[in-house]
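Below is one structure, written out as structure tokens; comments come after it.
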């Protein structure tokens, strides 16, 4: 089936707009879904896909916009309203209570059940549905006993049990093995054959091609393209997803690499759940060079930055800084070997919100003279340093004594830059340094990174913005599922190639 | 032999009487905490419940009216706690402690003002209507088991309340939803359960049962009003919740243990032992600390954490 043969969309969203403090998560986004079809929603992290879907299931209230289901204008105030309309969502972070059984989770919140439901009856019905869709799972097992793949099956069963007609799957394959993803494809096919419809959120091009009939590309909260899957190709989608326009043209001198500053030899590490996040990563960065790390979020970038800065244990391999082994040293020891860190979570890890701008700027140099002598701080010298930094880095703050949490994101980032660059003696690790910043602040941040490179320091730049990497990095390494897929020189790399490598395609263009 | 059995039966009878108010308060607190709200205001609610129950019974002559008023007072105080912690997202520990401080002061104040003018407005020393023991013929004469049938009506009510509380929590839809809210409010919300409503409802229910427990103290267990009539039972009930691993049936066990120590201690004091009374009085509290330490240690050892995962945490839907 396609749009021509079934002209009435089962679902329509028009002009959905949603603000979060400082962020325009959805900006007049439109969406149409036809019965029996799969619509892929493609976009980078933070493009607003999940927000749009959370609006659809009633978890977020839109600031503007209308929703039509089966041609009828509807107001969705809560997930219960959505369920009544036959809309259900499998969230990226599963919505399952780990200490309850599969059956209990499936009937959670349902109203059309007896006051004291017969659990054996519930289990019987679950088995029935499991068999029909080939979604095998034990209704009496506890969620915490199940693998991630099984948990996802429970999520889908939950929707089918409630008779959902429109299924939303938020990056369902992100946690699955290739075999499980394939199985999921078959399940989705069986459901759409029965006339159900699905919205499939992803940033993997192959899945769009494999699963969907239509694709909508989102960027910065807007829907920037609507394509029939059959009439497009991965290259075009990659370009649409990342955005065509080059936002910045910064003057960049030729790279003059010095000695190797950072070297990773076959480094592996686990994520917070104890699963492998980095698998044998090797690369080196010279002084006077920016190495960019590209990749879709969640492919090991965070763990890479943490491993280098001493915040995460390496399970295998070696890290050398300035030729000295620095594997599994404490963060303080790493700082003392000349490493500076601009963390991804600038509010949580970069600053102490309730402390003054001046104190935040002094937070790295306070251990040594002149800021401290014989263990006693010199508030006046701290203030002097802060004034100088505020001036040099053009930090807009009412005073050096202002609590830093009252500054804008861009100015907080400038304060972090001021502190880290001032203390930098060899390697600067910058993680998503311009994320969420406005045009001016973004440019300031990028200029500072280039300055550091020109001053002979090594910069490890982790970014989800390919344009940024192409503009200021000298070489770009692509990370996918914890592995380096390849390292390309920035001046010959193009977005299509990078996009495909980010999606796990093996491009032998090294 | 027969004498020993009689003594044991007698101790059991006192045990149950001493444990009743604890069971009410602890079952209420279990429901509150299962919704993710920690209510440290229990002690204040029990004290205020006790004084208002006695005052009401004293003037109206109806102990039942006293129980009703105590329940109402408990509900109002719990509603304040729910408003502060659920709607205003205040720190649950701070809010609970404030309510206990407030309730303790209020109860003392009322105790000195609500009494008759002939007693300078003081309630202390007044004798009012009470729930006396109702012996059930035949059954109450059976050794040991008879202890169950020599109780006051409020204790008899527990025989229905506890099984009901267990059934509701584990077998009904509402119980399932309640457990989900305390474990994982985000999931509960996504599944269409009203987290705010659930938390208000069970916090208020918990306050109501705390008031009920307070009423049992001043109308049945130790009829009349004395300063600090609870003797810290509000706090012990909170400790019992942990001991019970948030299970109403196990709370009964804990309450019997505590009540038993109380009963034995009374018995010993009455028998004229040489152990100073202060040490005997200390026993129940010492036991509470001991039980808490052992339970926590055991939980850590067995990696079993009984507490609802979201206990003490405020929930807001659009948090980004």
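The values are calculated or read from the model by the stated rules, or taken from the named source; none is laboratory data. What you see is a predicted model, and the numbers here were worked out from it, not measured in a lab. Methodologically, a virtual Cβ is constructed for each residue, glycine included, from the backbone with ideal geometry; neighbour enumeration extends over all protein chains shown.
Quick notes on this structure:
- Candidates A:292, A:310, filtered to the one that is at pLDDT 90 or above, in contact with a helix residue (DSSP H, G or I) (Cβ under 9 Å, 6 or more places away or on another chain) and on the phi > 0 side of the Ramachandran plot: A:310
- Selection from the stretch A:53-65 of residues that are more than 14 Å from chain B (Cβ to nearest Cβ) and surrounded by 14 or more Cβ atoms within 10 Å (Cβ to Cβ): A:65
- Selection status of residue A:36, away from chain B (no Cβ under 14 Å), assigned to a loop (DSSP other than H, G, I, E, B) and over 21 Å from the mean Cα position of the chain (by Cα): yes
- Residue check: residue A:150 meets all listed conditions (1) free of Cβ contacts under 8 Å to residues at least 24 places away in the same chain; (2) within 29 Å of the chain's Cα centre (by Cα); (3) assigned to a loop (DSSP other than H, G, I, E, B) but one, namely (3).
- Test: residue B:211 is surrounded by 24 or more Cβ atoms within 10 Å (Cβ to Cβ), closer than 24 Å to residue B:116 by Cβ and in contact (Cβ under 8 Å) with a residue 60 or more places away in the chain: yes
- The residue that is modelled with the highest pLDDT, counting only those in the stretch B:192-204 that are buried (at least 18 other Cβ atoms within 10 Å of the Cβ) and at the interface with another protein chain (Cβ under 10 Å from one of its Cβ atoms), is B:193.
- Of all residues assigned to the stretch B:47-68, none qualifies as being within 25 Å of residue B:306 (Cβ to Cβ) and within 19 Å of the chain's Cα centre (by Cα).
- Residues that are farther than 21 Å from residue B:205 by Cβ, touching a residue at least 12 places away in the same chain (Cβ under 8 Å) and in a helix (DSSP H, G or I) within the stretch B:57-81 comprise B:57, B:58, B:63, listed in sequence order.
- All conditions in (1) more than 8 Å from every other protein chain (Cβ to nearest Cβ); (2) within 21 Å of residue B:168 (Cα to Cα); (3) not in a loop (DSSP other than H, G, I, E, B) hold for residue A:104, with the sole exception of (1).
- Failed condition for residue B:207, given (1) outside any helix (DSSP H, G or I); (2) at pLDDT 95 or above: (1)
- Flag for residue B:189 being touching a helix residue (DSSP H, G or I) at 6+ places or on another chain (Cβ under 6 Å), surrounded by 18 or more Cβ atoms within 10 Å (Cβ to Cβ), at negative phi and within 11 Å of chain A (Cβ to nearest Cβ): yes
- Meets criteria (surrounded by 22 or more Cβ atoms within 10 Å (Cβ to Cβ) and within 14 Å of chain A (Cβ to nearest Cβ)) for residue B:172: no
- Qualifying residue in the stretch B:152-168 (condition: touching a helix residue (DSSP H, G or I) at 6+ places or on another chain (Cβ under 7 Å), modelled with pLDDT of 90 or more, away from every other protein chain (no Cβ under 14 Å) and assigned to a loop (DSSP other than H, G, I, E, B)): yes
- Residue match in the stretch A:429-440 (condition: more than 28 Å from the chain's Cα centre (by Cα) and surrounded by 16 or more Cβ atoms within 10 Å (Cβ to Cβ)): no
- The test for being touching a strand residue (DSSP E or B) at 6+ places or on another chain (Cβ under 7 Å), touching a residue at least 24 places away in the same chain (Cβ under 8 Å) and in the same structural domain as residue A:229 (by TED's automatic domain parsing) does not hold for residue A:58.
- Residues located in the stretch A:98-112, provided they are out of contact with any helix residue (DSSP H, G or I) (no Cβ under 9 Å at 6 or more places or on another chain) and surrounded by 24 or more Cβ atoms within 10 Å (Cβ to Cβ): none
- Test result for residue B:179, surrounded by 21 or more Cβ atoms within 10 Å (Cβ to Cβ), under 25 Å from residue A:143 (Cα atoms), touching a helix residue (DSSP H, G or I) at 6+ places or on another chain (Cβ under 8 Å) and more than 14 Å from chain A (Cβ to nearest Cβ): no
- Which listed residue is in contact with a strand residue (DSSP E or B) (Cβ under 9 Å, 6 or more places away or on another chain), free of Cβ contacts under 8 Å to residues at least 24 places away in the same chain and not assigned by TED's automatic domain parsing to the domain that holds residue A:276, from A:89, A:119: A:119
- Selection within the stretch A:113-123 - facing chain B (nearest Cβ under 10 Å) and out of contact with any helix residue (DSSP H, G or I) (no Cβ under 7 Å at 6 or more places or on another chain): A:114, A:118
- Residues of the stretch B:137-151 that are in contact with a helix residue (DSSP H, G or I) (Cβ under 7 Å, 6 or more places away or on another chain), part of a loop (DSSP other than H, G, I, E, B) and at pLDDT below 90: B:143, B:144.
- Checked against the criterion of being within 14 Å of chain B (Cβ to nearest Cβ) and surrounded by fewer than 16 Cβ atoms within 10 Å (Cβ to Cβ), the candidates A:28, A:19 yield just one match: A:19.
- When residues in the stretch B:293-311 are screened for being surrounded by fewer than 15 Cβ atoms within 10 Å (Cβ to Cβ) and in a helix (DSSP H, G or I), 8 of them pass.
- The set of residues from the stretch A:67-83 being more than 9 Å from every other protein chain (Cβ to nearest Cβ) and either more than 28 Å from the chain's Cα centre (by Cα) or under 24 Å from residue A:184 (Cα atoms) (or both) comprises A:68, A:69, A:70, A:71, A:72, A:73, A:74, A:75.
- Breaking point among (1) within 11 Å of chain B (Cβ to nearest Cβ); (2) surrounded by fewer than 19 Cβ atoms within 10 Å (Cβ to Cβ), for residue A:95: (2)
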